[in-house]
1. For residue 127, all conditions in the list (1) modelled with pLDDT under 90; (2) within 25 Å of residue 236 (Cα to Cα); (3) exposed (fewer than 14 other Cβ atoms within 10 Å of the Cβ) hold save one; what is the number of the exception?
2. Taking the range 355-368, which residues are at negative phi and buried (at least 17 other Cβ atoms within 10 Å of the Cβ)?
3. Give the residues of the range 1-21 that are in a helix (DSSP H, G or I) and either modelled with pLDDT of 95 or more or surrounded by fewer than 15 Cβ atoms within 10 Å (Cβ to Cβ) (or both), sorted by residue number.
4. Quick test of your reading of the structure: residue 29 fulfils all but one of (1) in contact with a helix residue (DSSP H, G or I) (Cβ under 9 Å, 6 or more places away or on another chain); (2) surrounded by fewer than 18 Cβ atoms within 10 Å (Cβ to Cβ); (3) modelled with pLDDT of 95 or more. Name the failing condition by number.
5. If a residue has to be under 14 Å from residue 336 (Cα atoms) and surrounded by 23 or more Cβ atoms within 10 Å (Cβ to Cβ) to count, how many in the range 492-504 make the cut?
6. What are the residues in the range 372-388 that are surrounded by fewer than 18 Cβ atoms within 10 Å (Cβ to Cβ) and either in contact with a helix residue (DSSP H, G or I) (Cβ under 7 Å, 6 or more places away or on another chain) or under 12 Å from residue 468 (Cα atoms) (or both), if any?
7. Can you say whether residue 288 is at pLDDT 85 or above, over 21 Å from residue 498 (Cβ atoms) and in a loop (DSSP other than H, G, I, E, B), as far as the supplied structure shows?
8. Checking residue 94 against (1) surrounded by fewer than 16 Cβ atoms within 10 Å (Cβ to Cβ); (2) within 20 Å of residue 128 (Cα to Cα); (3) touching a helix residue (DSSP H, G or I) at 6+ places or on another chain (Cβ under 9 Å), which test does it fail?
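The values are calculated or read from the model by the stated rules, or taken from the named source; none is laboratory data. All of these numbers come straight from a predicted model, not from anything done at the bench. A quick note on method: Cβ atoms are made from the backbone with ideal geometry, for glycine too, and the neighbour counts reach across all protein chains shown.
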């Protein structure tokens, strides 16, 4: 149906709480789908069911809206309506593809803002998973069997809360109508999976972080969205901190502008640069958005040094900028970001990528003991020592390739060691019985190294620092500590500005050492004290920084 005809179907919504409901008229299986679209006010507490489903791009048929009016819909929604239609009773539903005028961006913006309330006000929500196949019965039997052993009040209570939407939600995969799976039952099952994955009770996690917008943006990246703007807008009614952020869906903007505005909102609200960890570095970056803006359409997570859960929680592994807040200045161009930074060094040498995950090999030979990486690192060092920390270059390399931490397969959490001596690289990787400071099973350490080095290059700066960065970065790129950031970042000069090239692990400055040295340069008589980073929370800086403009 043309945009003109669509506009003829939809009478304007006249109040902020007004919505449309689709009345699915009764019929037999072979009958055409006939519907009536009527207006309703949420404050009148209308009775209806919400239909949740996957959109898709292709139109497969149409519903009859009376007379000659027909509305084309995708196949998934058509199948859901056919299945849900009753033989003798009208069914009242809310489905966004029908109830929102999709060619009216102003209306769509306002209606998407209401979606949280729309779902909360529904008598129940039906999640349509698509048509069944041969595996569907056994899958639901498996879910039900797992549910029988799932007992946890946290998710059960959260399922009643408005943050999770529906008062009575059902999963529907074209099972018999009397055999649908309540979402609260499925929530208990999901909790069991979460607990098994995290290795501890999810009660100990703060929901304010797990359901924060930045956490949702990170976790939902593998999911598809028909409209790329919905990779942000669809999460706003779920995020617990959306009222604080003040972000509103705006379908009059295109996706590059929506992503840029979202990044600025996160920066302004958090006073930090956590959102930069969501930027996926590639050899050829997306040109329609600034280099510092995450492309939330991207599904590939292998380009992140930082672990997902560390973005969600405040128990960060690293604090290269101490407890400093992000200093940013408004510039006339919304695509530019001006921040304060400390220069670390210019990359003067790089290694080859490690060759991980190639030819049925997990860890490439280059990263192992006796391989190219430790040999190159030794060649870069002076007298076998790593100047920034004073330790041997072999110990520095052993810490570098694991990001100075060890992962736990049992808990999916990384841990930092204490400041004591480290084992030799051979012991570190292969001797599972040694009583190391970096304790962990051999597989834990191997997986940590794999995660830290895959798609990376090792680099050496003109100031003597050894680090890891994305493999697409190169000699001449520069490393900075940006105030308000947990990690050092690689920037590429472009005239008097810079392109953002992702985070880096730089051995010897991951715990704020660069800030300590900057203060000592500013005041040679100053002696570092325990907890001096706390002084940075108020925004005052006892050392000089430079302004960096990212485009």
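1. In the conditions (1) modelled with pLDDT under 90; (2) within 25 Å of residue 236 (Cα to Cα); (3) exposed (fewer than 14 other Cβ atoms within 10 Å of the Cβ), residue 127 misses (3) alone.
2. In the first step, residues of the range 355-368 are kept if they are at negative phi; the result is 356, 358, 361-368.
Across the range 355-368, the qualifying residues are 356, 363, 364, 366, 367, 368.
3. Matches in the range 1-21: 3, 4, 5, 7, 8.
4. (3)
5. 1
6. Correct list: 372, 378, 384, 385.
7. Numbers: at pLDDT 85 or above: yes; over 21 Å from residue 498 (Cβ atoms): no; in a loop (DSSP other than H, G, I, E, B): yes.
So residue 288 does not fit the description; no.
8. Unmet for residue 94, out of (1) surrounded by fewer than 16 Cβ atoms within 10 Å (Cβ to Cβ); (2) within 20 Å of residue 128 (Cα to Cα); (3) touching a helix residue (DSSP H, G or I) at 6+ places or on another chain (Cβ under 9 Å): (1).
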